[in-house]
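First the structure, in the form of structure tokens, and then the observations on it.
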Amino acid sequence: MTQIVRSTTAAFPERPTATESVRLGEFKVELAFVLAATVALQVVAWSLQHGYPLADVVEYLERGRSWLVGGSAGSDGTIRSFAFPALFTPFFALDRWFGSDDPRWILPAARLVQMAFGLGFVLAVARLGACFGGKRVALAAAWIAAANPVFLLHSVWPLADVAAAACLATGLCAFVARRPPREAFVGGLWCGLGFLFAYKTLPVILLVGAWCVARDRWRHRNVVLGFAAGFGIALCAQIALDKWIYGEWGATVWRYFVENAGSAITTAFMRLDMVDTARAVYRVQAELAEFSMHATEPSTKQLMSKTWYFEHLFEFLSPPVLVLIGLGVWRAVRSRFGAAFLLLAFVIVHVVLTSFKGDKSFRLWMPILPAFAVLAALGFDALLAASSRWPRRLGTALVVAALALTPWGLEQQTPRRYGAFWDAMELVNEVARDRPLRSGRKFRVGSSFFWGPYLRNEPTSELVRVWPPLDRFARLGPAAKKAMLEVLDSLDVLMVHTAVLDAEPELAVLAAERWRVIGAFYEPQGGVKPGPLLVLARPRAELPGEPLLESEPVADPQAYAALRGFGESREFVASVGEHEERLVLLGVEAQPLARSTERLLVYHWFAAESPDRTWRVSSALGAAGAELGAAAARHDVRELVWRPGRADTVSRGVVLRETRLEWGAADAPSAEVAVGLELVLPDGASLRATCRGAADPFAARTRLLVREARH
């Protein structure tokens, strides 16, 4: 007879009792309601998102497609487990079998599959909660997990983390209390499947094994052996899968160990000031894992602070949930509930390990979300089991508040961060439909982020992968640059952020020679550093576009400015040795784009003599007359060579509809001179920047009317 243990009605319940077996069917009506609410929340999360949340979504899909067509399953130079991408390979197989030329249906189909994984995750959390405290803990844990914004964001995109966490939570149920060896074996299999989906679950799985050893020891060794056998079978399956996909036994497994263990050992030696030893370990790690070593010395400096997770904790766990977790921890400690200490160990070890990683994301915390949910549910159960009505009301209020904060939490995950790529692809689809190429072939479309417009192109266009990424152009050797230029020359359309062109002046000149701007898109959630996403197309009579760079001889600069309706020009002077260099800004135009809500700012510059030094032009957008300081948006044009006696026009996408932005800042090397500007736009906004650069910098503060471009 299955027994579901329920909390007592004492003022504060004592130690919960782990059930010997759990049947969720005993409260299937309530659980069905939780699952229905989960689907509703997933639909809300789906509707709030526009654009891929991160590149891994496309990586999983593209690996499956690439393997199917006979290509490499590690096209970006890395190899990972093929277990999760294999789930979506049948979609591409069906698309080929039916001869479809429009595979866009695959993305929503894959997202529906992921939603099913999300429901499985909620069920697994409910089952784990029931193992700890029965019906009430099970339902509360399921509610809290379902309302987690990070879970919701990743439960509507094909990402392995949710599936791995669901497998892990299912496997943990076999080890809350001592179970027969057969159940331990099944639990080990589930944990192993979670490892196949996401190797990041390994620390938690190893803790499960350590827990079994510490609890059961040799007297009940069959439980430990059952767990080891189950996990071992899954590990062997992964090793064989690597042989099938990559042609090498355990190719992804041993590289995972080498990269992670090697990084930890290198960091430890660096902290002990044993630089030579750290360098040697790093070299061995690079040779074994077959990755390129950095040119700089090994360093313990991280991309993100070790305290990042704590600084942004509310983005993952809302304040009401944190209160419930605190109560759950107190209950576990007070009652000396051993299984709850296992959950605490999961949380502590995983948090410490991920805090020492250079790159941080709450997606890495998905394996311990079930532990957080169960601990919070134990706290909720403690409040509802109290004899006084006020704790019960408090518990209900905390859960309701956690649900109410879910939309806010979703917004904090920036669900539209890369939506500009989808908007840009819609523009390309429109152009390809309305203005097809005379040759009848498809438009060849490239992107600075290949994954940005993935599976968003209509049959009239095809995506071409540009590799290496465009932001590495300056670091490429002659042969690699030649190969990339051959790919770029084959493109009809290129999507690229203004920040890439600003950072790669040589690439900006090459782009200006080949393409014209036909659109610009900006998504505020994408952050201010990349700037607008420009859509560049090869100029045609029916699709002229706007130039990025132009130059024409000018005999009379003032007549040139008057012809275009510019007001007074601005002259900038910098002392270079014993002489002065002068650069004249004749005027600035706001150039509307036919198919975009953004506009281009077109700068008209004139230099009577060719400058000896490279000039950097920066400008920032904000409210007219406001003191913007470092919070102002920045527009940067670097390393442009001004030719004497010519007017050089420089176009850059600027978001004129925003009044206060931050596009980032770049310190100019001492060999350059920075020019600071403040420009007043017709609609009352302004453009301004702070001067920085040479040892004797000048601070230019000027206002210049930006007029609408004349046609």
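The values are calculated or read from the model by the stated rules, or taken from the named source; none is laboratory data. Predicted model only: the values in this text are computed from it and were never measured. Methodologically, a virtual Cβ is constructed for each residue, glycine included, from the backbone with ideal geometry; neighbour enumeration extends over all protein chains shown. For accessibility, only protein heavy atoms count, side chains too; no ligands or nucleic acids. Shrake-Rupley method; radii C 1.70, N 1.55, O 1.52, S 1.80 Å.
Regarding the stretch 430-440, can at least one residue be identified that is in contact with a helix residue (DSSP H, G or I) (Cβ under 9 Å, 6 or more places away or on another chain) and either open to solvent by 30 Å² or more (accessible area, probe 1.4 Å) or over 27 Å from Val44 (Cα atoms) (or both)?
no
Identify the single condition in (1) out of contact with any His (no Cβ under 7 Å at 6 or more places or on another chain); (2) open to solvent by less than 10 Å² (accessible area, probe 1.4 Å); (3) in a helix (DSSP H, G or I) that Val162 does not satisfy, given that it satisfies every other one.
So Val162 meets the others, but not (1).
So that you can scan it fast, the table gives a plain yes or no per residue for (1) β-branched (Val, Ile, Thr); (2) farther than 30 Å from Leu87 by Cα:
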| site | (1), (2) |
| --- | --- |
| Gly232 | no, no |
| Leu235 | no, no |
| Trp244 | no, no |
| Gly250 | no, no |
| Val253 | yes, no |
| Asn260 | no, no |
| Ala268 | no, yes |
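Please go through the stretch 351-384 and pick out each residue that is more than 22 Å from Gly134 (Cβ to Cβ) and either open to solvent by 20 Å² or more (accessible area, probe 1.4 Å) or touching a strand residue (DSSP E or B) at 6+ places or on another chain (Cβ under 8 Å) (or both).
Within the stretch 351-384, Val352, Leu353, Phe356, Lys357, Gly358, Asp359, Ser361, Arg363, Leu364 meet the criteria.
Given the conditions (1) buried (at least 17 other Cβ atoms within 10 Å of the Cβ); (2) not in a helix (DSSP H, G or I), report the number of the one that Arg219 does not fulfil.
Against the list (1) buried (at least 17 other Cβ atoms within 10 Å of the Cβ); (2) not in a helix (DSSP H, G or I), Arg219 comes up short only on (1).
Can you go through Ala332, Ala339, Ala345 and tell me which one is closer than 21 Å to Val162 by Cα, in contact (Cβ under 8 Å) with a residue 24 or more places away in the chain and small (Gly, Ala, Ser)?
Ala345
Determine which member of the set Ser66, Ser81, Ser100, Ser72 is more than 26 Å from Arg416 (Cα to Cα), part of a helix (DSSP H, G or I) and modelled with pLDDT under 90.
Of Ser66, Ser81, Ser100, Ser72, the one residue that is more than 26 Å from Arg416 (Cα to Cα), part of a helix (DSSP H, G or I) and modelled with pLDDT under 90 is Ser66.
Give the residues of the stretch 579-601 that are modelled with pLDDT of 70 or more and in a loop (DSSP other than H, G, I, E, B), sorted by residue number.
Hit for the stretch 579-601 is Leu593, nothing else.
What residue, among those in the stretch 385-423 that are in contact with a Lys or Arg (Cβ under 8 Å, 6 or more places away or on another chain) and surrounded by fewer than 20 Cβ atoms within 10 Å (Cβ to Cβ), is modelled with the highest pLDDT?
Checked the stretch 385-423; the qualifying residue modelled with the highest pLDDT is Trp422.
It is to be established whether one or more residues within the stretch 95-105 are open to solvent by less than 10 Å² (accessible area, probe 1.4 Å) and either touching a residue at least 60 places away in the same chain (Cβ under 8 Å) or farther than 21 Å from Tyr454 by Cα (or both).
no
Six or more apart or on different chains, Cβ under 7 Å: which pairs go from a residue in the stretch 352-366 that's closer than 15 Å to Thr307 by Cβ and free of Cβ contacts under 8 Å to residues at least 24 places away in the same chain to one that's among the hydrophobic types (A, V, I, L, M, F, W, C) and in a helix (DSSP H, G or I)? Could you list them?
none
I'd like to verify a number: residues in the stretch 491-515 that are touching a strand residue (DSSP E or B) at 6+ places or on another chain (Cβ under 6 Å) and surrounded by fewer than 21 Cβ atoms within 10 Å (Cβ to Cβ), how many?
Of the residues in that region, 3 qualify.
May I ask you to list the residues in the stretch 373-421 that are assigned to a loop (DSSP other than H, G, I, E, B) and either touching a Cys at 6+ places or on another chain (Cβ under 7 Å) or of a type outside the set (Lys, Arg) (or both)?
Ala385, Ala386, Ser387, Ser388, Leu405, Gln413, Thr414, Pro415, Tyr418 - these are the residues of the stretch 373-421 that are assigned to a loop (DSSP other than H, G, I, E, B) and either touching a Cys at 6+ places or on another chain (Cβ under 7 Å) or of a type outside the set (Lys, Arg) (or both).
Can Pro436 be described as closer than 17 Å to Leu543 by Cα, in contact with a Ser or Thr (Cβ under 9 Å, 6 or more places away or on another chain) and outside any helix (DSSP H, G or I)?
Against the criterion (closer than 17 Å to Leu543 by Cα, in contact with a Ser or Thr (Cβ under 9 Å, 6 or more places away or on another chain) and outside any helix (DSSP H, G or I)), Pro436 qualifies.
Name the residues in the stretch 303-350 that are touching a Pro at 6+ places or on another chain (Cβ under 9 Å) and open to solvent by 40 Å² or more (accessible area, probe 1.4 Å), would you?
Glu315, Val349
Restricting attention to the stretch 460-488, report how many residues are part of a loop (DSSP other than H, G, I, E, B), within 25 Å of Asn429 (Cβ to Cβ) and open to solvent by less than 40 Å² (accessible area, probe 1.4 Å).
Final tally of qualifying residues: 3.
Of the residues that sit in the stretch 485-510 and are modelled with pLDDT under 90, within 27 Å of the chain's Cα centre (by Cα) and among the aliphatic types (A, V, I, L, M), which one is farthest from Asp434 (Cα to Cα)?
It comes out as Ala503.
Can you confirm whether the stretch 178-193 contains a residue that is closer than 30 Å to Thr396 by Cβ, assigned to a helix (DSSP H, G or I) and not β-branched (Val, Ile, Thr)?
No: the stretch 178-193 contains no residue that is closer than 30 Å to Thr396 by Cβ, assigned to a helix (DSSP H, G or I) and not β-branched (Val, Ile, Thr).
How many of the residues in the stretch 399-416 are more than 16 Å from Leu152 (Cα to Cα) and in contact (Cβ under 8 Å) with a residue 24 or more places away in the chain?
2
Output the residue which, of all residues in the stretch 346-368 that are closer than 26 Å to Leu119 by Cα and over 19 Å from the mean Cα position of the chain (by Cα), is modelled with the highest pLDDT.
Ile368
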